[in-house]
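See structure below.
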Amino acid sequence: MALYDLQHVRNALTPLLNRPGRPLTPGDLEPYDQLHYLGQRALDHAVERLCVKPGAEVVDIGAGLGGPARYLADRYGCRVTAVELQPELHELSEELTALCGLDDRVRAVRADALTLGGAEWSQRYDHLVSLLAILHIPRREALFGVCRDLLRPQGTFCIEDFYARRPLTDGERSDLAGLVACPYLPEEARYRDDLTRAGFTDVVWTDVTDLWTPWVRDRAEAFRGGYEERVRLHGEPLAGRLLRFYGAVSALFAGGGVGGVRITGRRD
Ligand SMILES: C[S@@+](CC[C@H](N)C(=O)[O-])C[C@H]1O[C@@H](n2cnc3c(N)ncnc32)[C@H](O)[C@@H]1O
């Protein structure tokens with residue numbers, strides 16, 4: 001998937017990483033390391049909704065480049081375990097965390113979330129966050145079972161994810177699978193049912209489609225508007241793949257079939 005080709009992130013980060021003087025901060029990295037929508041603001045919502053306290057133990061499922069984890073640690077004093085499947089993202093995440101001087105509060109773990117289990121993981125966390133990662137993982141029963149087991153009793157979660165607002169067309173399914181690495185997308189009733197059957201309660205479903213649709217449209221238009229510069233920075237093949245990716249996501253939201261949701265709840 002184009003978004004996970006780290007060459008474009010490294011290209012964009014080079015001036016920052018070569019900057020002499022003060023150390024990097026999560027604020028410096030926000031344009032590059034928040035691989036979800038609305039940047040660090042999304043984390044502010046999660047913290048408010050979950051009543052996260054300083055020192056809280058948080059696990060981030062599908063942590064990407066570790067941007068959400070660093071922000072939670074730096075801004076809110078959390079201790080965060082950032083679980084990421086892809087080795088290249090995990091390695092850059094560790095690098096950036098060290099450059100920000102946050103490695104005492106952020107632990108990056110390279111793992112498939114579906115494999116987390118055993119005493120080392122069981123009931124360790126006060127909160128679980130997962131931003132735009134669950135859409136990549138079709139085995140919901142297994143995944144939500146793991147998520148539940150990671151949380152202490154009464155522990156809470158905040159998920160941001162895609163969902164299907166109506167039965168999707170073949171074209172939408174094909175774009176989701178081929179361009180977004182999203183092979184399965186449930187509608188609301190099915191999603192809620194999967195969470196309830198995994199043992200989550202007090203589930204609050206907040207549709208954020210109206211917030212995300214203009215955001216993904218503006219991202220696609222900004223990329224298209226600055227395309228020549230992007231080609232100079234990243235080269236034609238990568239810039240072209242990113243252009244198609246951003247355009248496809250924007251079209252999926254504009255078409256009304258794909259929506260965005262913020263879900264909170266707690267384990268029983
Ligand atoms: C769109 S990115 C979001 C990253 C991060 N949550 C953020 O908001 O910046 C989704 C991430 O989920 C990761 N992911 C997908 N399947 C996973 C799995 N089974 N276990 C752990 N991470 C996974 C991907 O590798 C990717 O880095």
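Of all residues in the range 58-88, count the ones that are surrounded by fewer than 24 Cβ atoms within 10 Å (Cβ to Cβ) and either out of contact with any strand residue (DSSP E or B) (no Cβ under 7 Å at 6 or more places or on another chain) or over 21 Å from Arg110 (Cα atoms) (or both).
Residues flagged as surrounded by fewer than 24 Cβ atoms within 10 Å (Cβ to Cβ) and either out of contact with any strand residue (DSSP E or B) (no Cβ under 7 Å at 6 or more places or on another chain) or over 21 Å from Arg110 (Cα atoms) (or both) within the range 58-88 amount to 7.
Would a scan of the range 215-223 turn up a residue that is closer than 23 Å to Ala113 by Cα and surrounded by 19 or more Cβ atoms within 10 Å (Cβ to Cβ)? Quick ask: steps written out before the conclusion?
The initial filter retains those residues of the range 215-223 that are closer than 23 Å to Ala113 by Cα, namely none.
Checked the range 215-223: no residue is closer than 23 Å to Ala113 by Cα and surrounded by 19 or more Cβ atoms within 10 Å (Cβ to Cβ).
Within the range 3-18, can you find the residues that are closer than 21 Å to Gly259 by Cα and surrounded by fewer than 18 Cβ atoms within 10 Å (Cβ to Cβ)? Walk me through how you get there before you give the answer.
First, pick out the residues of the range 3-18 that are closer than 21 Å to Gly259 by Cα: 3.
Listed by number, the list is empty, since nothing qualifies.
Quick check on this structure: which one of Gly27, Gly55, Gly21 is surrounded by fewer than 18 Cβ atoms within 10 Å (Cβ to Cβ) and part of a helix (DSSP H, G or I)? Before the answer, list the steps.
Values: Gly55 fails: part of a helix (DSSP H, G or I); Gly21 fails: part of a helix (DSSP H, G or I).
None of the other options fit; the residue is Gly27.
Is it the case that the range 41-61 has a residue that's among the hydrophobic types (A, V, I, L, M, F, W, C), within 12 Å of the ligand (Cβ to nearest atom) and modelled with pLDDT under 95?
The answer is no; no qualifying residue exists.
Within the range 147-177, track down each residue that is among the hydrophobic types (A, V, I, L, M, F, W, C) and either in contact with a Cys (Cβ under 9 Å, 6 or more places away or on another chain) or crowded, with 21+ Cβ neighbours inside 10 Å (or both). Break it down stepwise before answering.
At the first step, the residues of the range 147-177 found to be among the hydrophobic types (A, V, I, L, M, F, W, C) are 147, 150-151, 157-159, 162, 164, 168, 176-177.
Correct list: Cys147, Leu150, Leu151, Phe157, Cys158, Ile159, Phe162, Leu176.
For Phe223, indicate whether it is within 27 Å of Val9 (Cα to Cα) and under 18 Å from the mean Cα position of the chain (by Cα). Walk me through it before giving the result.
On the way: within 27 Å of Val9 (Cα to Cα): yes; under 18 Å from the mean Cα position of the chain (by Cα): no.
Considered against the rule, which asks whether it is within 27 Å of Val9 (Cα to Cα) and under 18 Å from the mean Cα position of the chain (by Cα), Phe223 comes out as no.
The values are calculated or read from the model by the stated rules, or taken from the named source; none is laboratory data. Not measured: the values here are computed from a predicted model. Neighbour counts run over all protein chains shown; Cβ positions are idealised from the backbone, glycine included.
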